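Taken together, the values in this text are just the output of simple stated rules run on the coordinates, not laboratory data. Everything numeric here is computed off the predicted structure, so don't read it as measured data. Virtual Cβ from ideal backbone geometry, glycine too; neighbours counted across all protein chains shown.
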Amino acid sequence: MRKMPRLKVLLGSLLLVAALLAVAVVPVAAQTYFSPFSGDVTIDGEDAPIGKVVEAYIDGTSRASTTTKLGHYNLVITGGAADVDSAVSFKVDGVDATATPPNPTFQLNPQTVDLASGGVPGTYTLTMAVSGSGTTDPAADTITTYGAGTEVNIAAEPATGWYFVNWTGDVDTVADVTDPTTQITMNGGYTVTANFALRPVGDYPVLSWWLTNL
């Protein structure tokens, strides 16, 4: 009977060790980190309309999404400690977007990253316009889509009494801005305007003679 106290002490010690082990194996909740992004969004060089889907990816996995306001987005990626400094990429309506500044990463501080996307991978849109009186080919006030790098023929035809002046707008890749029949290389989304002006009276010899001999 004298051994009972020792047995109680031993049992108590075992229970204490078991309790300590139970505490030790209780999982600690992983800390959640937040990486906020915001910025402008353009599609083919134009402000993205309301409702376009912006998605953020880490290692090819979608980690957050939002929809645009007019030309703008706000998005927060959630993750863990392992995500810090990981590269983040973006898509706009499922199309890869170019980030500015480039190579954004998962950080805990808010970041401003602008996104630029084409409407369809590898394509750009051309919008034609007219100032004055005349027509263009492709037609004015229409939007046509071409593959990146395509050389597109553009032409301007003045109305009677008008003459072609030049092409203006996004004309960096227009072969000759003073030629009414020229080409534009589609390295981006462009808007090009054909400018026409009224012919001076002196350009019409019969009318000029008639006016000066009244």
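Treat segment 81-150 as a sphere of radius equal to its Kirkwood radius over Cα pairs and apply Stokes-Einstein at 25 °C in a medium of 0.890 mPa s; give the translational diffusion coefficient in µm²/s, rounded to a whole number.
In µm²/s, the coefficient is 161.
Might you report the magnitude of the Cβ-based charge dipole of segment 33-117 about its Cα centre, with Lys and Arg at +1 and Asp and Glu at -1, to the nearest 20 debye? Intermediate results must be reported in sequence, preceding the final value.
Details: 4 positive and 11 negative charges, 48 e Å.
I would put it at about 240 debye.
Could you give the Stokes-Einstein D for segment 33-117 in µm² per second, using the C-alpha Kirkwood radius, 37 °C, 0.692 mPa s? Working shown, then result.
Details: Rh = 12.5 Å.
The Stokes-Einstein estimate is 263 µm²/s.
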>> Test of understanding: express the Cα radius of gyration of segment 123-203 as a ratio to 2.2 N^0.38 Å, with N the residue count.
In response: 1.09
